[in-house]
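Have a look at the structure below before the remarks.
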Amino acid sequence: MSFIKIKIINFLKLVFPSTYAELAVFLFFITCYGALGSYIALNYRIIFDNRIPWDAYFSFDNKSILMTGGSFERHPLSYYFFNWIREFCLFISNGKMDTTFRLTLAWLSNIIITLNIVQIFKYLKYIIKLPLWLNILIILFFGVFSTNIILSFTPENFTYTLFLLSLYNYYAAIKLKKEQKTPAAALTLATITIGGLTITNLIKVFIPLAFEKGIFRDWKKFGNAAIRVAIAIICYTLLYLNRIDFKYQNIFSKTNQQYEKFSNVESMAGWDMILSFFFGGNILFPGFIISDKHNMKGFSFKALYMDLYSSLFSYIFIAILVVLISWSYLKNFNNKWVQTIALSFFVDLLIHCFMRFGLHTSYIYGGHFIFIYPLLIGWLFYAYRTSPKTIIFLTSVVCILFVYLLANNWYRMSEFFWFLETYYQ
């Protein structure tokens, strides 16, 4: 068998289900997400409406992203990616932006988010090596996170970023487990795709390299890693500059404008936005606020935003979840896989909580980091694998959280459908 053929087969096994258990997970979630996305696409116009460029629900920019890829300073290369997505959907719909167009967009999102679930299942199974029943509990819990539900029918950067980050973290974990280095080609591809869709995720691609065996004790290994990073950065930079016709001054001016726009919100307490939006809204739906918006061209429409939590139980839920992942991090502090995903999460904490960029809408950024929750919970179970009483306690806690999460998000989705029925039929 040729080298290229082996690489292709390995890539397909990495991305897609390769066992009956993985296939069962894929079929279950594609059925659930597919039914939700199809119903919304066939009955409502909210997934894509030519008149609404942004913010129809939860600040997602469906039309704007699909038509332009988003702002070049935050999404450097997504213009090219979404050109392909748009053209493919137009091909399926015979050039019309109609119901079939929306349905195709929804199913692309269904598939991507389901593959994201599969990646988490594989990580729990092959890297952490948890028993099957525990894997299933954790991915069911993960599967009803609000970000996964919303992105399962939303054509956005975050939809594809979530999958790519989950995939790359699983791939990097395999390399660390085998004590192998990440090849320059794979590193460059990850840099272009992950960093190309959202520039703030660029640093996350290089974090696993810091945990390669002996990299800081062997100058040859360190030099090799530096060369791989340099190749990836050069390729990325050239593509980025080509995208903006080498007018690099625009990057700094636009970035400053974006930071000023999304970092100066004084109407809500910072601690509450951190709990309700950054830690909370991307997992447990809060209540919603309806706002009047217009598209700058004379068309007015209704937009839906997330509100701060109003229930004590919601704050308790988030507090327990934060305790669990913090506990996992401290318990597994010397674990290189845990440090890899924790450092990735710290990047988002720094950007949104400390620098306050987009903190008032940080629930939309869940696609950059929510995959770390099931992984850290998985590592917590792993740390206590020889302690049956602690396993029973943790299982009980996760089951209670899952039931509350499912009930809350089911109820909030019913409110979302009321919004669709009222304004987007």
When you check Asn94 against the structure, is it polar (S, T, N, Q) and on the phi < 0 side of the Ramachandran plot, yes or no? no
Go through the range 352-384 and give me each residue that's touching a residue at least 60 places away in the same chain (Cβ under 8 Å), under 15 Å from Ile274 (Cα atoms), hydrophobic (A, V, I, L, M, F, W, C) and in a helix (DSSP H, G or I). Cys353, Leu359, Ile364
For the structure I just gave you, tell me whether Asn242 is exposed (fewer than 12 other Cβ atoms within 10 Å of the Cβ) and modelled with pLDDT under 90. yes
Pick out the one residue from Ile391, Ile341 that is within 28 Å of Asn169 (Cα to Cα) and out of contact with any Phe, Trp or Tyr (no Cβ under 7 Å at 6 or more places or on another chain). Ile341
Any pair with Cβ under 6 angstrom, 6 or more apart, that starts in the range 400-419 at a residue that is more than 26 Å from Ala303 (Cβ to Cβ) and ends at one that is modelled with pLDDT of 95 or more and not in a helix (DSSP H, G or I): Leu406/Val144
Just checking, which of Ala35, Ala21 is in contact (Cβ under 8 Å) with a residue 40 or more places away in the chain, of a type in the set (Gly, Ala, Ser) and in a helix (DSSP H, G or I)? Ala21
Counting only helices (runs of 4 or more DSSP H) entirely within the range 67-145, those with at least 3 residues that are free of Cβ contacts under 8 Å to residues at least 24 places away in the same chain and surrounded by fewer than 16 Cβ atoms within 10 Å (Cβ to Cβ) are 78-92
The lone condition Lys204 fails out of (1) over 15 Å from the mean Cα position of the chain (by Cα); (2) at pLDDT 95 or above; (3) of a type in the set (D, E, K, R) is (1)
Checked against (1) at pLDDT 95 or above; (2) over 16 Å from Ile128 (Cβ atoms); (3) within 24 Å of the chain's Cα centre (by Cα), Asn332 satisfies every condition except (2)
Only one of these is assigned to a helix (DSSP H, G or I) and either under 21 Å from Ile325 (Cβ atoms) or in contact with a Cys (Cβ under 8 Å, 6 or more places away or on another chain) (or both): Tyr170, Tyr160. Name it. Tyr170
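Residue by residue, here is whether (1) farther than 18 Å from Asp348 by Cβ; (2) aliphatic (A, V, I, L, M); (3) surrounded by 12 or more Cβ atoms within 10 Å (Cβ to Cβ) holds:
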| position | (1), (2), (3) |
| --- | --- |
| Lys181 | yes, no, yes |
| Leu197 | no, yes, yes |
| Gly214 | yes, no, no |
| Val229 | yes, yes, yes |
Residues satisfying the stated conditions in the range 271-307, i.e. of a type in the set (A, V, I, L, M, F, W, C) and assigned to a loop (DSSP other than H, G, I, E, B): Ile283, Leu284, Phe285, Met296, Phe299
Evaluation of Ile289 against (1) loosely packed, with under 12 Cβ neighbours inside 10 Å; (2) within 20 Å of Tyr365 (Cα to Cα); (3) modelled with pLDDT under 80 (one fails), failing number: (3)
Quick check: anything in the range 180-193 among the aliphatic types (A, V, I, L, M), assigned to a loop (DSSP other than H, G, I, E, B) and out of contact with any Ser or Thr (no Cβ under 9 Å at 6 or more places or on another chain)? no
Which of the residues that make up the range 146-157 are at pLDDT 95 or above and part of a helix (DSSP H, G or I)? Ser146, Thr147, Asn148, Ile149, Ile150, Leu151
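The values are calculated or read from the model by the stated rules, or taken from the named source; none is laboratory data. None of the values given here were measured: they were computed from a predicted structure. Positions of Cβ are generated from backbone atoms using ideal geometry, with glycine treated the same way; all protein chains shown enter the neighbour counts.
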